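The structure appears right after this line, and notes come after that.
The values are calculated or read from the model by the stated rules, or taken from the named source; none is laboratory data. All values derive from a computational prediction rather than experimental measurement. Don't worry about glycine lacking a Cβ; one is built from the backbone with ideal geometry, like all the others, and counts go over all protein chains shown.
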Amino acid sequence: MAYFDAASTEPLHPQAREALLAAIDVGWADPARLYNQARRAHLLLEQARTEVAEALGARPDEISFTSSGTQAVHLGVLGTLHGRRRAGRHLVTSAVEHSSVLHAAGVHERDGGTAETVGVSLTGRVDLDAFAAAVAGHDTALACLQTANHEVGTLQPVTEAAEICRRHGVPLLVDAAQTAGRMPIPPGWSVLTASAHKWGGPAGVGVLAVRKGTRFRSFLPEDERERRRVPGFENVPGIVAAAAALRAMTAEAAQECSRLSALVDRIRETVPKIVPDVEVIGEPVDRAPHIVTFSCLYVDGEALLTELDKAGFAVSSGSSCTASTLRPSHVLEAMGVLTHGNVRVSLPRGASAAEVDRFLAVLPGLVRRIRQDAGVE
Amino acid sequence: MTEVTQPALTIDALGKKCPIPIIMLAEQINHVPLNAVVSVLADDPAAYTDVPAWCRLKSHRHVGSYELPGGGWAIHVRRNY
């Protein structure tokens, strides 16, 4: 079975597994207490915090651990808006942010705030002029932009967006879920979010970093943990494993990501040559190293995923028929690209050239058969 | 009002999920003369994005999408070749 769905979750890194098993034995006690076992858990937690901070370009005291990337986004968006209530009530996001950002925006609107989504190009890159105009609004309290799009891999102009935000005194929340551990974090963020299981850590650990000087106030009931930003007992073994995975992934990133990126290039170049009526989506060069997405005309995305699964390939799709909702992916809609017959291939660490070649060998036949079954000439 | 040409052909794809509306459009676009307009009636939200995207890929022209009183859209496509 070839696992090509790293953008959903990266398999647990061997070093994370080792760290997790060790930390379950020694890091189980409450890190907020004062006895020996607790001090050990506290030490492990703070070591992990220092390592994660260093890998993400933050200070340890700026880092809080959450229970997921989604929770980091929810707390980051709503906590920053809460902290800046007097500055304004307007939230600016790109139209292709992760659903956690858009759902947090929905809560903000129901609470009387306003939210605005900025459109993207055909390749999924945010319109910087429109973004700048939205940020310049007198009531803007927060802007959000992802480092790379989770469905099509397009890199966003985060450095430029951060400069725009800085000029207008508006904090920028950067969602680095798809690139943390794979690419350096672009500078200029005020709030940074990430998810450990996307970089080979375990599920159940997210990161919320709040830059010193950024106004932030949790909207949840008061809790002493994680600098009052995140409620609840820390998952110390999970956090230790997350830090080990991030350290390992970051150390391998330069070499491994350029290898995966070459495989993505091979898919991007080959698919249109061997499958008729196909559109490869997203930025061809300014993209995350491991993600490639294409849509096949006249093909039911669910049928294609099922056939690929039978042929031994785990991939995902933004087509509506494969999602829990009736709507197609908001990302593909915002880009104005074909939403049906959509396949996202995202390569995990260690994905082999042989697996990619086998994928390219079986794909044309599967697409042809599905089209024939649908009566397409 | 030069834009809203009377369609030469209406394809009823209401109740049909993508890619079926697109398959119907591809099959039938050549049934109308050059520069004539085909109207695709569809209520799958995917069709709202996919018909214009198909036009871009196939170099036909998406004229406009008009909401239908009962839900869905009449999506107008001009045959270019």
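Based on this model, can you work out whether A:SER320 counts as among the polar types (S, T, N, Q) and facing chain B (nearest Cβ under 7 Å)? The answer is yes for A:SER320. When A:ARG259 is tested against (1) within 17 Å of A:GLY341 (Cα to Cα); (2) outside any strand (DSSP E or B), exactly one condition is not met: (1). Looking across region A:42-65, just one residue is of a type in the set (Ser, Thr, Tyr) and over 17 Å from A:THR193 (Cβ atoms), and that is A:THR50.
Here's the yes/no breakdown for (1) touching a residue at least 40 places away in the same chain (Cβ under 8 Å); (2) assigned to a helix (DSSP H, G or I); (3) touching a Cys at 6+ places or on another chain (Cβ under 9 Å); (4) of a type in the set (Lys, Arg):
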site: A:LEU102; (1), (2), (3), (4): yes, yes, no, no
site: A:ALA105; (1), (2), (3), (4): no, yes, yes, no
site: A:ALA115; (1), (2), (3), (4): no, no, no, no
site: A:LEU122; (1), (2), (3), (4): yes, no, no, no
site: A:ASP129; (1), (2), (3), (4): no, yes, no, no
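Inspect region A:272-295 for any residue being assigned to a helix (DSSP H, G or I) and either under 23 Å from the mean Cα position of the chain (by Cα) or facing chain B (nearest Cβ under 9 Å) (or both) and give the result as yes or no. No: region A:272-295 contains no residue that is assigned to a helix (DSSP H, G or I) and either under 23 Å from the mean Cα position of the chain (by Cα) or facing chain B (nearest Cβ under 9 Å) (or both).
Taken over region A:131-149, the residue count meeting the criterion of being more than 17 Å from A:THR193 (Cβ to Cβ) and outside any strand (DSSP E or B) is 9.
Quick one: would you say A:ALA303 is assigned to a helix (DSSP H, G or I), modelled with pLDDT under 95 and either more than 10 Å from chain B (Cβ to nearest Cβ) or in contact with a helix residue (DSSP H, G or I) (Cβ under 8 Å, 6 or more places away or on another chain) (or both)? Yes; evaluated as a whole, the condition is true for this residue. Here B:ASP50 meets each of (1) part of a helix (DSSP H, G or I); (2) away from every other protein chain (no Cβ under 13 Å); (3) of a type in the set (Asp, Glu) with one exception, condition (2). Checking each residue in region B:15-41 for being touching a residue at least 40 places away in the same chain (Cβ under 8 Å), crowded, with 19+ Cβ neighbours inside 10 Å and more than 14 Å from chain A (Cβ to nearest Cβ) picks out B:VAL37, B:VAL38.
Do the conditions hold for A:ARG259, that is, is it among the charged types (D, E, K, R) and out of contact with any helix residue (DSSP H, G or I) (no Cβ under 6 Å at 6 or more places or on another chain)? In short, yes. Going through region A:135-154 one residue at a time, which ones are farther than 26 Å from A:ASN342 by Cβ, without any contact (Cβ under 8 Å) to a residue 60 or more places away in the chain and buried (at least 21 other Cβ atoms within 10 Å of the Cβ)? Across region A:135-154, the qualifying residues are A:VAL135, A:THR140, A:ALA143.
Of all the listed residues (A:PRO157, A:PRO187, A:PRO237), the sole one being surrounded by fewer than 23 Cβ atoms within 10 Å (Cβ to Cβ) and out of contact with any Ser or Thr (no Cβ under 9 Å at 6 or more places or on another chain) is A:PRO157.
Restricting region A:333-362 to residues that are in contact with a helix residue (DSSP H, G or I) (Cβ under 7 Å, 6 or more places away or on another chain) and outside any loop (DSSP other than H, G, I, E, B), the residue that is farthest from the other protein chains (Cβ to nearest Cβ) is A:ALA353. With respect to being touching a helix residue (DSSP H, G or I) at 6+ places or on another chain (Cβ under 7 Å) and buried (at least 23 other Cβ atoms within 10 Å of the Cβ), A:ALA72 falls outside the description.
Restricting the search to region A:108-154, which residues are within 19 Å of A:VAL73 (Cα to Cα) and of a type in the set (Ser, Thr, Tyr)? Within region A:108-154, A:THR114, A:THR117, A:THR140, A:THR147 meet the criteria.
Restricting the first member to region B:50-63 and to residues that are more than 14 Å from A:CYS296 (Cα to Cα) and hydrophobic (A, V, I, L, M, F, W, C), and the second to residues that are assigned to a loop (DSSP other than H, G, I, E, B) and modelled with pLDDT under 95, the beta-carbon pairs closer than 7 Å and six or more apart or on different chains are B:VAL63/B:GLU3.
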